[in-house]
Amino acid sequence: MSKGQDRNKYDKLDLSTRIVILGLIFTLVFPFNIFSATDSPQRPQLPRKPIKIEEPDNTTPKDPVQAEPDLSEFPDSMWLTVPRHQRVEVVGDSVEFTGDSLKVTQIAVVPVETDTTAAATNPDDEFDPDYVVRDFNPDPTRAVWMSALFPGLGQLYNRRYWKLPIVIGGFMGLGYATSWNNRMLNDYTQAYRDLMDNDPSTKSYMDFFPPNAKEEDLNRSWMERTFKARKDFYRRNRDLCIICMVGVYLIAMVDAYVDASLSHFDISPDLTMDVYPTLIPDTRNSRVGIGLQWALNF
């Protein structure tokens, strides 16, 4: 009775249910790789040709190298089982290493003792400016301009203090001499004009004589010659003092420039002058003269 009931139940199954059951049975009986190009399932085989991976010289890999294989060397079945971007683990003994031009060079490390710089970088040390060596290099152009601005200022800039009173004293002395000669020139010029104009009201020339002197007792021609000579004398002295002032002014400028330029000149111990006896050959005859030779080493 039960077998008849099961058969009736099986007959009652529809066509779609029967197809699904048959498909499951077919799947369990037959293998999964029936659509593969090979007859039986196989594990992915690595290519026979070793993969070349460039590594630096004198290096040996300790761990397996991760490399991306060339998919063209694998069987066609690998296209369905191995993704394109999947990395395949390669055993180290199957990897061939080639030499590379890249070399690893270790940079030498120089040890530095900390106590060698402690004295120089210690902020507690006091700075003594008396032990600082200052190198003074004056500028010749600046020295000239300072001397042109005021006489003696260029010598002061070059630190030639002993030249300062000479320049200032000479300039002031010549300035005073110029002023005095110019004042005397004006007095004698006015006296000579009053003497030559024949005007009785202008008698400035009498200021050069004592108060009790009378004009009638004086020789007029002698006064004319004397006043003219004195006028020319003081004019010449005044002009000479002006020329000397200009000369001192220019000399101070030149001295400041040369002194500043020579401060950069290296004076070595070989800068000496030697005088020693020597034999002087005579080209006219076979005789040899005896003399002194003067040599300057610079």
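The values are calculated or read from the model by the stated rules, or taken from the named source; none is laboratory data. None of the values given here were measured: they were computed from a predicted structure. Quick reminder, even Gly has a Cβ in these numbers, built from the backbone with ideal geometry, and neighbours come from all protein chains shown.
Scanning region 176-184 turns up no residue that is within 16 Å of Leu250 (Cα to Cα), modelled with pLDDT of 90 or more and surrounded by 14 or more Cβ atoms within 10 Å (Cβ to Cβ).
Among the residues of region 221-232, those that are surrounded by 10 or more Cβ atoms within 10 Å (Cβ to Cβ) and not aromatic (Phe, Trp, Tyr) comprise Met223, Glu224, Arg225, Thr226, Lys228, Ala229, Arg230, Lys231, Asp232. No other residue among Arg287, Arg235 is charged (D, E, K, R), outside the structural domain of Tyr161 (by TED's automatic domain parsing) and either over 37 Å from the mean Cα position of the chain (by Cα) or exposed (fewer than 10 other Cβ atoms within 10 Å of the Cβ) (or both) apart from Arg287.
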